[in-house]
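**Student:** I have a structure I would like to understand better, so I am pasting it below and will then ask my questions one at a time.
Just so you know, all these numbers are worked out from the coordinates, no wet-lab data involved. This one's a predicted model, so the numbers in the text were calculated from it and none came from an experiment. Note that each Cβ is placed from the backbone with ideal geometry, even for glycine, and that neighbours are counted across all protein chains shown.
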Amino acid sequence: MISLRIDDTPVQAKPNWTILTAARAAGIRIPTLCHLDALRPVGACRLCLVEIRNWNGRLVPACATPVQEGLDVVADSDRLASLRRTILELLFAERNHICAFCVSNGHCELQDLATELGMDHVTFPYRFPALAVDASHAKFGIDPNRCVLCGRCVRACSEVEGAFTWGFAGRGVHTLIEADLGEPWGQSTTCTGCGKCVQACPTGALFEKGKATAEQVKRPALLAEVTERRPRA
Amino acid sequence: MREIKVPVTRIEGHGLITIALGRGGKVNQARFHVTEGRGFERFCRGRTLWEMPGITARICGICPVSHLLCSAKAGDAILAVRPPRPADKLRRLMNLGQYVESHALSFFHLSSPDLILGWDSDPKARNVLGLATTHPQLALDGIRLRAYGQEIISSLGEKRVHPAWAAPGGVRAPLAAAARDRLAAKLPEAMRIAQDALSLYEDKMENWADEVATFGNFPSLFMSLVGEDGAWEHYEGRIRFVDAERRIVADGLDPARYPEYIGEAVEGWSYLKFPYFQRDGYPDGLYRVGPLARLNCCDRIGTPLADEALTRFRATADGKAVTSSFHYHWARLIEIVAALERVQGYLDDPEILSPRVRAEAGVNELVGVGVHEAPRGTLFHHYWVNEDGVLERVNLIVSTGHNNLAMNRTVAQIAHHYLEGTMVSEGLLNRLEGGIRAYDPCLSCSVHAVGRMPLRVVLLGPDGEVLDEKVRDA
């Protein structure tokens, strides 16, 4: 076992754990968005940033940083709270997140994080990009206006379903999640229609067609349930 | 020509009235301007059909249910399904709750201070709080009656305002037995309040003879849905037009084919469009909608207490149409009684608890029209979608829009009657507002983009010469 401290609490961790795993095992909450159990950590959203005191206060993503003997981790501080709020503000400013009529209103990880972290204003100018909804799939739709580019759908599709339908296209704020080589989702030749991407998506960006406002409830834990039940080689 | 500008308060949204005086100091022209646009028809494009009830409900916090239900009905048309019968009844029940809530707000909270305390009374006390001081029971009754309407809505949609409950194909959740019992237990009190208010109005009516004569008292057409049997209808049915003699001008019109008989004119001085009856052209095709129109159009209401009240209502006009817009207030009170009688019927119906409330289907039609009677009048939602159910075009015709021509004529009539000299007296100001308020207009919902509108401001001198002119190009 490895010994470290998180918020001045002594914590025991297995050698292959990340700081996030160790914190959760010790009952210490660190906010996450792009992280999903059963999917490879990518450290994309930076909401799980923690400070390492004995690395000169360096900021690292808890989801992607392995534990080390003697680490002195700060998971909750004014500085971290301010950084996390800023990250959320940037996410909200980047696309058109309008909770009032969103299918995921009330069941949205982004919305819950904004509440939890006290993000009551967006101080950056909104970009208001014009992004088209793709509802061409028989069962599902994708609304890039609500996408935070966490990539959970991309990883669920490749790592769990093995279909490799979803991928990132473009760069920076112009990045979009696209099916295959950019054709409408309904015309994808690789999509199996399994819906794992929809369940993995933290917002209303991926949704089941026919769901009305606030009606889309996701089961992101489904991904871990599926992988854990798989026979191991 | 000189202009007097009057800001309008205690209506939903913002408005502006301009009165243009001629050389002799007489009113030359009076206009009711709606000074803001909202753009719903534009920004709904690109959204999915299933989100539309949630989006359009946000048009207004007073009658979100109207847009919710109308949008769901347009969705039914695009799915090409008929919602299961219990869903139909539940939607009707919620709409009736909306009638009670919205009409109670209009009468007790917004209008009764004028009616009970008088148009010339101290403006500081002429509001619902002043009313609570002098007529505490009336004010309390109003609050309780409105709360009952809201409870019907929240029992079904979990929220009093903006419930996301109706969806294309039906509704999302059935009515719980406990909620049904709670509503049934509170119904007698609501009915008592509604009948007291109706009696109060009928007793005091003769005090308001001047206002009845001048608040939009003119012959016109009236439009509403009526049931298959000609009875009062609030949720579906066919469109009927009657004239001031209460003669049927057009009947059995398919509401989904409204563009064949309703035109929409646009004026540069208001964001609110001007619908008109096409046969008579613009602006002669003026018609009124809402409570007054529904009572003028229907053969009967279909429930005993409301039909008795309708008989008294019609007796004041010798069986012809009641043509004073002042009596929108009266019609609203009769409709509260009618709504509560129907609520009783639905609460007594065992099928109202059925869990069979939603038909599932995909996109089967590319165009759908939803029409029903909102508290303020006939509401149209017209959607064009692509094969995936994404909106390509939206047209909304809302109740306040239908009444736009009538509200303008009402403002002119009041200005002619009450304007003295070149000063806007407190009494005139209030009567202008009161005249508008009789329609219970909802400007927040009724304005939407009519394309890009240039703004033109012209200042005219006493001889009509242009002193200054500013144009902001589209």
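**Student:** I need to check one value: relative contact order of the range A:2-76, counting alpha carbon pairs closer than 8 Å and at least 6 residues apart, in percent. Numbers along the way, then the final one.
**Tutor:** Values: 145 pairs, mean separation 31.4, N = 75.
About 42 percent, as a whole number.
**Student:** Is the shape of the range B:163-255 best called rounded, prolate or oblate, per the rule: a/c under 1.5 gives rounded, else a/b larger than b/c gives prolate, else oblate, with a ≥ b ≥ c the square roots of the Cα gyration tensor eigenvalues?
**Tutor:** On the way: a/c = 2.87, a/b = 1.24, b/c = 2.31.
Since a/c reaches 1.5 but b/c is at least a/b, the shape of the range B:163-255 is classed as oblate.
**Student:** Please report how far the C-alpha centroid of the range B:308-365 lies from that of the range B:135-169, rounded to the nearest whole angstrom.
**Tutor:** Here the answer is 16 Å between Cα centres.
**Student:** When you have a sec, figure out the Kirkwood radius of the range B:42-84 from all distinct Cα pair distances and drop it here in Å to one decimal?
**Tutor:** On the way: mean 1/r = 0.0934 Å⁻¹.
Kirkwood hydrodynamic radius for the range B:42-84: 10.7 Å.
**Student:** Oh, and also: Over chain A, with a single point scatterer placed on each C-alpha, what log10 of the ratio I(q)/I(0) does the Debye formula yield at q = 0.07, 0.14, 0.15, 0.17 1/Å?
**Tutor:** Values returned for q = 0.07, 0.14, 0.15, 0.17 Å⁻¹ are -0.24, -0.94, -1.06, -1.27.
**Student:** Return a whole-number percent for the relative contact order of the range A:99-229, with Cα pairs under 8 Å and 6 or more residues apart as the contact set.
**Tutor:** Numbers: 200 pairs, mean separation 44.6, N = 131.
The normalised contact order for the range A:99-229 reaches 34 percent.
**Student:** When only C-alpha pairs under 8 Å and at least 6 residues apart count, what is the relative contact order of the range B:218-323, in percent? Don't jump to the answer; show the numbers that get you there.
**Tutor:** Numbers: 186 pairs, mean separation 33.2, N = 106.
Relative contact order of the range B:218-323: 31 percent.
**Student:** Same structure, new question: If you rank B:52, A:119, A:1 by fewest surrounding Cβ atoms within 10 Å, what's the result?
**Tutor:** Details: B:52 32, A:119 20, A:1 10.
In order of increasing Cβ crowding within 10 Å: A:1, A:119, B:52.
**Student:** Can you sort A:28, A:6 from fewest to most other Cβ atoms within 10 Å of each residue's own Cβ? Write out the running numbers ahead of the final one.
**Tutor:** Values: A:28 19, A:6 23.
Listed from fewest to most nearby Cβ atoms, that is A:28, A:6.
**Student:** With label points built 7 Å along Cα→Cβ from the Cα atoms of residue B:185 and residue B:315, find their separation and express it in nm.
**Tutor:** According to this spin-label approximation, the distance is 3.9 nm.
**Student:** Ok, one more. Once the principal axes of the Cα atoms of the range A:99-229 are found, what is the range along each, listed largest first in whole angstroms?
**Tutor:** 41, 33, 27
**Student:** Which helices of chain B meet both criteria: a Cα extent of 18 Å or more along the helical axis and a mean Kyte-Doolittle score no lower than -1.0, with helices taken as whole DSSP H segments?
**Tutor:** Working: long enough: B:64-79 (22 Å, 0.86); B:85-104 (29 Å, -0.88); B:136-157 (31 Å, 0.16); B:177-204 (41 Å, -0.36); B:328-347 (28 Å, 0.38); B:404-418 (21 Å, -0.24).
Counting only whole DSSP H runs, the qualifying helices are B:64-79, B:85-104, B:136-157, B:177-204, B:328-347, B:404-418.
**Student:** While we're on this one: Give the aspartates and glutamates whose C-alpha is closer than 19 Å to that of residue A:196, dropping any in the same chain fewer than 8 places away, or say none.
**Tutor:** A:37, A:109, A:134, A:143, A:159, A:161, A:178, A:180, A:208, A:215, A:225, A:228
**Student:** Looking at this model, which pairs from A:139/A:218; B:73/B:273; A:139/A:211; B:124/B:204 are more than 18 angstrom apart at the alpha-carbon? Could the numbers behind the result be given before it?
**Tutor:** On the way: A:139/A:218 15 Å; B:73/B:273 23 Å; A:139/A:211 10 Å; B:124/B:204 23 Å.
In this structure, B:73/B:273; B:124/B:204 lie more than 18 Å apart at Cα.
**Student:** Along the charge dipole of the range A:61-152, pointing to its positive end and built from +1/-1 on Cβ of Lys, Arg, Asp and Glu, which listed residue (A:144, A:104, A:132) has its Cα farthest out?
**Tutor:** Value computed over the given set: A:132.
**Student:** How big is the equivalent ellipsoid of the protein assembly as shown along its three axes, where each semi-axis is √(5λ) from the Cα gyration tensor, reported in whole Å from largest to smallest? Intermediate results must be reported in sequence, preceding the final value.
**Tutor:** Details: eigenvalues 584, 165, 133 Å².
Semi-axes (√(5λ), whole Å): 54, 29, 26.
**Student:** Measure out, as a whole number of angstrom, how far apart the alpha-carbon centroids of the range A:1-76 and the range B:70-96 sit.
**Tutor:** Centre-to-centre distance over Cα atoms comes out at 51 Å.
**Student:** Given the options B:173, B:104, B:209, identify the residue whose Cα lies farthest towards the positive end of the charge dipole of chain B (+1 on Cβ of Lys, Arg; -1 on Cβ of Asp, Glu).
**Tutor:** Checking the options against the dipole of chain B, the answer is B:173.
**Student:** Please report, in Å, the Rg and the Dmax of the range B:218-323, where both are computed over Cα atoms only.
**Tutor:** For the range B:218-323, the Cα-based Rg and Dmax read 14.2, 47 Å.
**Student:** Mean residue ellipticity at 222 nm from the helices of chain B, using -39,500 (n - 2.57) per DSSP H segment of n ≥ 4 over the full residue count, to the nearest 500 deg cm²/dmol?
**Tutor:** Numbers: 16 runs with 189 residues, N = 474.
That calculation yields -12500 deg cm²/dmol at 222 nm.
**Student:** Now for a separate question. Please report, in whole Å³, the volume per residue of the convex hull around the C-alpha atoms of chain B. Don't jump to the answer; show the numbers that get you there.
**Tutor:** On the way: hull volume 64.1 nm³, N = 474.
Residue-normalised Cα hull volume stands at 135 Å³.
**Student:** Then there's this: Show log10 I(q)/I(0) for the range A:1-101 at q = 0.10, 0.18, 0.20, 0.23 Å⁻¹, two decimals, from a solvent-free Debye sum over equal Cα scatterers.
**Tutor:** Those come out to -0.29, -0.82, -0.98, -1.23, one per q.
**Student:** Give me B:277, A:124 ranked fewest to most by other Cβ atoms within 10 Å of their Cβ, as a rough exposure proxy. The partial results should precede the final answer.
**Tutor:** Working: B:277 21, A:124 12.
So the ranking, lowest neighbour count to highest, is A:124, B:277.
**Student:** Right, another one. Summarise the long-distance tail of P(r) for the range A:38-95 by giving the % of C-alpha pairs beyond 14 Å.
**Tutor:** Numbers: 966 of 1653 pairs.
So the portion of pairs separated by more than 14 Å is 58 percent.
**Student:** Still on this structure, I have one more. Looking at the protein assembly as shown, what % of its DSSP beta bridges pair antiparallel, to the nearest 5?
**Tutor:** On the way: 71 of 77 bridges.
DSSP beta bridges in the protein assembly as shown are roughly 90 percent antiparallel.
**Student:** Once the Cα atoms of the range A:43-168 are picked out, what are the Rg and Dmax in Å?
**Tutor:** According to the Cα coordinates of the range A:43-168, Rg and Dmax are 17.2, 53 Å.
**Student:** Then there's this: With a Cα-only, solvent-free Debye model of the range B:98-184, what are the log10 I(q)/I(0) values at q = 0.13, 0.16, 0.17 Å⁻¹?
**Tutor:** Taken in order of the listed q values, log10 I(q)/I(0) reads -0.53, -0.69, -0.74.
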